[in-house]
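One structure is given below, represented as structure tokens, and several questions about it will come after.
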Amino acid sequence: MDAARIQALIEAGLPGARVDVRGDDGVHFEADVVSEQFAGKLPLARHRLVYATLGDLMGGAIHALGLKTLTPEEAAGRR
């Protein structure tokens, strides 16, 4: 598994999202995901949306995925 494939899967599952995935060992990754679909959702619900884009890869090919999930407004406020 590589970061580029994970990024592509998240982007396909959350159209319009800005995604940055990092991870060098092939099983542990970190991702920053910015999506309008996160508006009004608590962090756990946001994470579930991302996990749903990866399906059975979570807990299998992807051992761990650290997430930062923000709306575009939240991301703009962090600059």
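Can you pull out the helices (runs of 4 or more DSSP H) entirely within the chain that have at least 1 residues that are touching a Leu at 6+ places or on another chain (Cβ under 9 Å) and among the hydroxyl-bearing types (Ser, Thr, Tyr)? Even if it seems obvious, please write down each step before you answer.
Working: elements: 3-13, 43-54, 72-77.
Passing ranges, in order: 43-54.
Keeping to region 53-79, report how many residues are open to solvent by 80 Å² or more (accessible area, probe 1.4 Å) and either of a type outside the set (Asp, Glu) or touching a helix residue (DSSP H, G or I) at 6+ places or on another chain (Cβ under 6 Å) (or both).
Taking region 53-79 first, the residues open to solvent by 80 Å² or more (accessible area, probe 1.4 Å) are 56, 63, 68, 73, 78-79.
Going one step further and asking which of them are either of a type outside the set (Asp, Glu) or touching a helix residue (DSSP H, G or I) at 6+ places or on another chain (Cβ under 6 Å) (or both), we end up with 63, 68, 78-79.
Number of matching residues: 4.
The values are calculated or read from the model by the stated rules, or taken from the named source; none is laboratory data. Computed from a prediction, not measured in an experiment: that's the story for all the values here. Cβ sites come from the backbone with ideal geometry, for glycine too, and all protein chains shown count toward neighbours. All accessible areas refer to the heavy atoms of the entire protein, side chains included, with ligands and DNA or RNA removed. Shrake-Rupley method; radii C 1.70, N 1.55, O 1.52, S 1.80 Å.
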